[in-house]
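Structure first, then comments.
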Amino acid sequence: MQWLVHGEQTVWSSPWLRVSRLDVEQPDGQRVGYDAVRLSDVAAVVVTDAEERVLLLWRHRFLTDTWAWELPMGIVEPGETPAEAGAREVEEETGWRPGPLTELIRSQPGAGIMDCTHHVYRATSAAYVGEPVERNESDRIEWLPLADVPGLIARQEIVSGITLLGLQQTLLQATKAVESPAQ
């Protein structure tokens with residue numbers, strides 16, 4: 001049951017976000033106007049170390065007026081791969097340069113209304129390179145035990161969708177590795 005797009009008009013835009021009105025034909029043949037958000041892709045990185053700690057930022061999100069732990073993350077800039085964006089964001093926001101990145105998981109958080117893809121990577125090492133250059137992201141940057149993550153989630157100290165997805169996938173992979181060790 002595929003919907004057909006007959007046209008699109010920009011209602012409002014900024015460098016990373018566009019609100020559009022689409023002329024779509026539903027599978028039953030009815031044509032309707034459909035509002036959509038065209039948002040730049042986002043990259044995040046789960047950085048862990050040999051002590052099984054994860055690098056997180058304690059952030060205030062003014063739109064929801066909430067504080068919570070988040071992964072380093074940001075918009076994928078034009079001409080940049082999601083992995084490059086993730087590595088750049090880690091360094092800018094935390095002052096740590098991540099080791100090699102591997103793709104952890106990818107999601108489309110609102111595919112019915114938004115076309116953004118969230119790319120989450122994993123790095124199992126990082127080197128401290130200095131103070132963060134992005135001073136408006138967080139006032140606390142900490143390495144927290146990965147084992148504490150379920151409790152942080154239960155207490156709603158982690159609520160960001162991309163952060164939840166990345167950390168839960170990391171924990172799931174760790175559980176699978178313990179349950180079926182390499183032979």
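The values are calculated or read from the model by the stated rules, or taken from the named source; none is laboratory data. Because the structure is predicted, anything quoted here is derived from the model rather than measured. Neighbour counts are summed over all protein chains in view; Cβ atoms, including those assigned to glycine, are modelled from backbone coordinates with ideal geometry. The area values use the complete protein model at the heavy-atom level, side chains included, leaving out ligands, DNA and RNA. Shrake-Rupley method; radii C 1.70, N 1.55, O 1.52, S 1.80 Å.
Find how much the distance from E134 to W16 grows on full extension, using 0.36 nm per residue of separation minus their present alpha carbon separation; answer in nm with one decimal. Can you show the working numbers first?
Numbers: separation 118, 0.36 × 118 = 42.48 nm, distance 1.82 nm.
Separation in residues times 0.36 nm, less the Cα-Cα distance, equals 40.7 nm.
Here are labelled values, [x] -0.48, -0.83, -1.00, -1.26; [y] -0.38, -0.79, -1.07, -1.52; [z] -0.54, -0.95, -1.13, -1.34, and one is the computed log10 I(q)/I(0) by the Debye sum over Cα atoms at q = 0.10, 0.14, 0.16, 0.19 Å⁻¹ for what I pasted. Which one?
Given [x] -0.48, -0.83, -1.00, -1.26; [y] -0.38, -0.79, -1.07, -1.52; [z] -0.54, -0.95, -1.13, -1.34, the structure-derived one carries the label [x].
Calculated from DSSP H runs of 4 or more alone, at -39500 (n - 2.57) each and per residue, what is the 222 nm mean residue ellipticity of the chain, nearest 500? Spell out each step's value before the answer.
Details: 3 runs with 38 residues, N = 183.
The helix contribution divided over the chain gives -6500 deg cm²/dmol.
With everything on Cα atoms, drop me the angle between helix 82-94 and the longest principal axis of the chain, reported from 0 to 90° to the nearest 10.
Tilt of helix 82-94: around 50 degrees.
7 Å from Cα along Cα→Cβ at both Q9 and E52: what's the point-to-point distance in nm?
5.8
If the chain between M114 and L63 were fully stretched, how many nm would it gain, using 0.36 nm times the residue separation less the Cα-Cα distance?
Working: separation 51, 0.36 × 51 = 18.36 nm, distance 1.81 nm.
Extra length available between M114 and L63 comes to 16.5 nm.
Given just the C-alpha atoms of the stretch 75-140, how large is their convex hull per residue in cubic angstrom? Show your work: numbers first, answer last.
Values: hull volume 7.5 nm³, N = 66.
Given the Cα convex hull of the stretch 75-140, per-residue volume reads 114 Å³.
Ordering Y121, Y128 by how much accessible area each has at a 1.4 Å probe, largest first, what is the list?
Working: Y121 25, Y128 120 Å².
My answer, sorted largest first, is Y128, Y121.
Taking only C-alpha pairs under 8 Å that are 6+ residues apart, what is the relative contact order of the chain in percent?
Details: 365 pairs, mean separation 39.9, N = 183.
Once normalised by length, the contact order is 22 percent.
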